[in-house]
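Chemist: Have a look at this one before I ask anything.
Quick note: the coordinates plus some simple rules give every number you see, no bench work behind them. Computed from a predicted model, the values in this text were never measured in an experiment. Neighbour counts are summed over all protein chains in view; Cβ atoms, including those assigned to glycine, are modelled from backbone coordinates with ideal geometry.
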Amino acid sequence: MTRTNQPSNRKIDLPHMAFYRAWLQGVDLREATDRYLIEGMDLREAKSTLAWMRETLIRAARRHGRMSYVRLLRIQIPNQARDATPRPALPSLEEFREERDPDNFYAEDELLEIYLAEYPDAAQEAKSPQEQRIERLIQRQIEAINWAEAHVATRPMPSDSVVEWFDRPMAERLIVHGLPTLQMLVLHINARGYRWHAGIRQLGQIQAARVVAWLRQHEASLGEIQAQALTPTRAIVAAEQVRPASTDIMPLESFLVPTQLDGVQGDNRHLGKPRIEAVNDYQAINSWLNAVSRNDNTRRSYRREAERLLLWAILERGKALSSLSVDDAAAHQDWLYALGRTPEQHWHWKIPQDKWLGPRNTARWSPDWRPYEGALSLRSQQQSYVILKSLCEWLTKMR
């Protein structure tokens, strides 16, 4: 893989600093990563994180002329949770009194004698000189960490390179896939949903989940990770899979029909009482779908064609669906044939054709959804005409 020209130094955020500080204070490495970084992180990766953080902090201290901190941070201190033999916790003398002598029957020296008889290790609780030196060294290193937190730690920003926040292999996978910045990564995840990593080489579900978990830690600066990216689509309630209503190229369920083009006063509407309860074109389409859909596959196919025609009528022609004329129908055939086949410089329609075209299999809730995935074959065009003819004939009978 070709190395990129992205920055080589990874940035450090506040959770990183808390992680390093906790480890210095003797918190188990796995517990520290679960608490402050990403739950379930591989221990090798956690140790690697400690190593690059230490080197980054040393470079920062040197850059700011803090040579005493440079020397301090270079000293390797054994992690107490890993290397020290834990001593059993002993009650304090006050706790012992509350339990054994709540009425203060014994004098202070008498109680102390009883206490030491029961807990002989308490007489040796004083730390050894070596332990005291290590404790002082840890406190001085924590002082250096606190200084670094104020001068080095930063929040990830949308324009930051992925190289600045992820390890090199992960960053290169994202860059090769066209996701060089955190902003582009967040947009991609929100557009693609739970399976956002599909198609990215050597990026599995566990690693993808950790990327999302890290991004969620920084939603305040990077933007929200939407529900569709956190849960498989089948587990998301239907209401959460619908985009906010808008008069734009949107799925049928999210398309906001302008009042002046809703078809209540459509040119082709019959003046008498209709045979269905629908009062506008949008409701009429749904009535048709309910009446003619024999199964889910049929409904999806019919909805797709009605949805496309409704969007085209309102957004491209500026007409209500029920006001389309024979000339409009002919124009629609010409438009449909040209879509996806015409060079941009020769495209003479109102809306650019790339606004109608999107990636294959894009979820309907995704901002990347479009009515078409590319130019329709002649057979697909013919199928579209058959379905739309059925729609128009049914609406004519019901008007």
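Chemist: How much length is gained on full extension from residue 286 to residue 379, taking 0.36 nm per residue of separation minus their Cα-Cα distance?
Modeler: Value of the extension gain: 30.9 nm.
Chemist: Helix 14-24 versus the longest principal axis of the chain: what is the Cα-based angle in degrees, 0 to 90, to the nearest 10?
Modeler: 30 degrees
Chemist: May I have the count of lysine pairs in the chain with C-alpha atoms under 27 Å apart, counting pairs 8 or more residues apart or located on different chains?
Modeler: Going through the chain pair by pair, I get 11.
Chemist: Which cross-chain or sequence-distant (5 or more) residues have an amide H under 5 Å from the amide H of residue 181, H modelled 1.01 Å from N in plane?
Modeler: Hits under the 5 Å cutoff: 162.
Chemist: Once the Cα atoms of helix 129-151 and of the chain are each reduced to a long axis, what angle between those two axes, in degrees from 0 to 90 to the nearest 10, is obtained?
Modeler: It is inclined by approximately 30 degrees.
Chemist: Can you run the Rg to Rh ratio on the range 287-399? Use alpha carbon positions and the Kirkwood inverse-distance Rh.
Modeler: 0.95
Chemist: Can you tell me the mean projection area, over all orientations, of the convex hull of the range 162-235's alpha carbons? Units nm², please.
Modeler: Mean orientational projected area (the range 162-235, Cα hull): 4.5 nm².
Chemist: Find me the longest stretch of the chain that has none of the exposed GluC sites (Glu not before Pro), where exposed means in a DSSP loop (not H, G, I, E or B) with at most 16 other Cβ atoms within 10 Å.
Modeler: 126-223
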